[in-house]
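What follows draws every value from the coordinates through simple rules; no lab data is involved. Keep in mind that what you see is a predicted model, and the values were worked out from it rather than measured. Here the Cβ positions follow ideal geometry from the backbone for every residue, glycine too, while neighbour counts run over all protein chains shown.
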């Protein structure tokens, strides 16, 4: 039984915007402000990263139309570099890159629910657990239900952020503008180190666009849906992020942004009092749950695709006969997210390390596109990146620079991340040796 093709362009936009706009725009601006000295520097950084991510969207648009099948990056990496790289990608997705945000964002959801209903530590953990389980159930009982929730949260998330921006521009009239405020950086790091650290935080807020292709096998017309969703979705995200940062600094200034761990709530309270804080709390809850749901809709297809190719537990190669969803892959995703939730317990700790893994696989996927184009591999009738090979090389170079600088200036964390990715090697070779080398046909050949 195969996964049905039911997703439209609207679903594609809901997935990419819903996943990308999670907690990043609420949790990173205050950190970034500590590394830099003025709003002008900050907004330039957000624009540069936005353009860089848009370039990545063009690359993933071609990859998605060359191989419009369930699994996304797993399909590209398997086809370009073989089963080992494909397996390590899927292993990293399940055990750190995609399940860690689910655990962290569930905690963020419980944090902001406590604004309305005071929660004890035990109840707080129960609420976070319930968020993961409820969204998991939604993704099991049918893609249409998960997709409906995704469109609902994305619509209100986007409208809410634009309302926040418009309200900020109107209500800030007569208040002293904080846009021209300059302060010395809080960190004593070198200028280049501070810029790289700030870049990593801005990039973290943009992660998610690459996951759209994971659900390509469930799209009605992936060759049209993927490029349009990426172009429109990333463009809208970049505009929203820049406008929201404008309001933060207009209302609070550099000092106010640095001095608040919940900068959106601080700005809203400054503008509209408790009503503003309640509005932001609801907005963050919708952003967090929408991001968790969108990741479940996409990342679980990687585990399912790996199992279909004989690279992972065969138990995950299962489509529910009634609901037509990869129900066991969803259950595995939820189970490991709960393990991370109880083992690590803090959002900052949970989120640490996932960006580095994402950068590695973004670089490998970009290199795979260059290989596919030169060898004319895959469907050649879909979208093609303009100015090839200039755009892919520029994007790949930027990724390598981020990887190298992060490896130099945060080498301990980098080493831990690499060890975690490599921890899948024993499982891979054990399975290859004891279960035999099954002739695994790629998803591309099966669809």
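Taking 389, 29, 68 in turn, the Gaussian network model of the chain (Cα-Cα springs below 10 Å) assigns the largest fluctuation to 389.
Counted over all Cα-Cα pairs of the range 117-226, pairs farther apart than 25 Å make up 58 percent.
A straight chain from residue 374 to residue 137 at 0.36 nm per residue would run longer than the Cα-Cα distance by 81.0 nm. Per-residue packing, averaged as other Cβ atoms within 10 Å, sorts the ranges 213-221, 130-138, 189-197 into the order 213-221, 130-138, 189-197, beginning with the highest. Note on residue 416 and residue 51: the extension gain reaches 128.4 nm, defined as 0.36 nm multiplied by sequence separation minus the Cα-Cα distance.
Sorting the segments 158-168, 177-187 by their residues' average number of neighbouring beta-carbon atoms within 10 angstrom, most packed first, yields 158-168, 177-187.
Distance between the pseudo-spin-label points of residue 388 and residue 407 (7 Å out from Cα toward the beta carbon): 2.8 nm. Our compactness index for the chain, the C-alpha radius of gyration over the empirical 2.2 N^0.38 Å, is 0.95. In vacuo Debye scattering of the range 228-338, one point per C-alpha: log10 I(q)/I(0) at q = 0.11, 0.24 Å⁻¹? The calculated log intensity ratios at q = 0.11, 0.24 Å⁻¹ are -0.59, -1.24. Length available on full extension from residue 428 to residue 166: 0.36 nm per residue minus the Cα-Cα distance, which gives 89.1 nm. Per residue, the average separation of C-alpha pairs within less than 8 Å and at least 6 apart gives the range 9-436 a relative contact order of 35 percent.
For the ranges 390-396, 264-270, what's the packing order if you count other beta-carbon atoms within 10 Å of each residue, average per peptide, and put the highest first?
Ranking, from highest mean packing down: 264-270, 390-396.
Ordered by the count of other Cβ atoms within 10 Å of each Cβ, fewest first, 410, 210 give 410, 210.
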